[in-house]
Amino acid sequence: MQPERAVPPRYSIVVPFHDEQDSVRELHQRLSQVMTGRFDPVEFVYVDDQSSDATPQILAAIADEDPRVAVLRLKRNYGQTTALAAGFDFASGDIIISMDGDLQHDPADIPELLAVLEATHSDIVSGWREKRVDNFLLRRLPSRIANWMMSKLSGVDIHDFGTTFKAYRREIIHNIPLYGEMHRFIPALASWYGASICEIPIHNINRERGKSHYGLGRTFRVFFDLLTIRFLLRYMSRPLHFFGGLGALGILGGTGVALILLVMKILNPAMDMMHHHGPMFVIGSVLILAGIQLLAIGLLGELQVRHHYTGQHPASYAVDRIVRLAMADEQNILSERQEGNF
């Protein structure tokens, strides 16, 4: 039995579980061995994503044994991203470490993650599965391609976006909205807020228990998420720059086709334009209409952005720190300025 927690935790370990009954207790034992004494005070936030096996019962037993453990059981199986988001929202530590619950992440790597986080003053330290033990064709090759594309599209120079094993500063991760399957792109999303990110190699352990929840189908969905991330990073606050550019091209192209047809009709009034140049007429009309529609979509997007910032009043920036003079010094400066004015 662990002692009652008397002070707020500095570290929070967030782990989502789904049908991991064979791994839960051993993972908690390893985490407790690593964190107890060296990284106190700490809390363990375990999120049960509506498991159908004995995972909920085991988690409940662990919570009874260790007061540092909090268990969140979701109403249904939402997926890993939502489970992580729930854990992040509940976590109260200044530094939050996330990892998978299948024992493929080694808790012994946590001290190195935290050491680098403090030494580099980074906002995020991401694990890098430098020596992966997964199947090459089904996992490693697609992952390598996706990571390369994500690095180029986001401008974040890390090798492994997909791993859940990361350490965050609380103020950064709480600013990032997570939905869908966006947890693997947290470094890219955090870069939009100006977060500093670094990477260290971690152990990648072969799964010995339970069944993997990852398949080739998820790999294909990653590529669609890449398009979403690229759009969000570049045009989230200025959608008209994207849709307006395409719309302008369509309108200009359609207008060019229409002018060519007009000149041909003027030079040869007797020509039956629809008979001889019907396809060009249709193409020009479609280009103009499509361009107008894209411009309209861009303007509607701008209205949504304006409504977001004016209705909820969220800040469109993130402040790293504020440096100001002491209040007494400010009063002296104000007094000097007032005397100078007289």
Find the residue count for region 139-155, including only residues that are closer than 16 Å to residue 182 by Cβ and touching a Phe, Trp or Tyr at 6+ places or on another chain (Cβ under 9 Å).
5
Kindly indicate whether residue 171 is under 30 Å from residue 25 (Cβ atoms) and of a type in the set (D, E, K, R).
no
By my count, strands (runs of 3 or more DSSP E) wholly in region 1-103 with at least 1 residues that are farther than 15 Å from residue 170 by Cβ and open to solvent by less than 60 Å² (accessible area, probe 1.4 Å) are 11-17, 42-48, 69-73
Determine whether region 146-159 contains at least one residue that is within 29 Å of residue 40 (Cα to Cα), of a type outside the set (Ser, Thr, Tyr) and either open to solvent by 20 Å² or more (accessible area, probe 1.4 Å) or in contact (Cβ under 8 Å) with a residue 24 or more places away in the chain (or both).
no
Within region 165-175, residues open to solvent by 10 Å² or more (accessible area, probe 1.4 Å) and in a loop (DSSP other than H, G, I, E, B) come out as 174, 175
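Looking only at residues that are surrounded by fewer than 18 Cβ atoms within 10 Å (Cβ to Cβ) and either at pLDDT below 80 or of a type outside the set (Phe, Trp, Tyr) (or both) in region 178-190, which one is nearest to residue 102 (Cα to Cα)?
Looking at residues that are surrounded by fewer than 18 Cβ atoms within 10 Å (Cβ to Cβ) and either at pLDDT below 80 or of a type outside the set (Phe, Trp, Tyr) (or both), I get 181.
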Answer with yes or no whether residue 130 is under 27 Å from residue 39 (Cα atoms) and free of Cβ contacts under 8 Å to residues at least 60 places away in the same chain.
no
Between a residue in region 57-83 that is at negative phi and among the hydrophobic types (A, V, I, L, M, F, W, C) and any residue that is open to solvent by 40 Å² or more (accessible area, probe 1.4 Å) and in a helix (DSSP H, G or I), which pairs come within a Cβ distance under 9 Å, given they are 6 or more apart or on different chains?
58/25; 61/25; 62/25; 70/90; 71/60; 72/90; 74/82
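The values are calculated or read from the model by the stated rules, or taken from the named source; none is laboratory data. Only a predicted model underlies this, so the values are computations on that prediction, with no experimental measurement involved. Positions of Cβ are generated from backbone atoms using ideal geometry, with glycine treated the same way; all protein chains shown enter the neighbour counts. Just the protein is used for accessible areas: all its heavy atoms, side chains included, with ligands, DNA and RNA removed. Shrake-Rupley method; radii C 1.70, N 1.55, O 1.52, S 1.80 Å.
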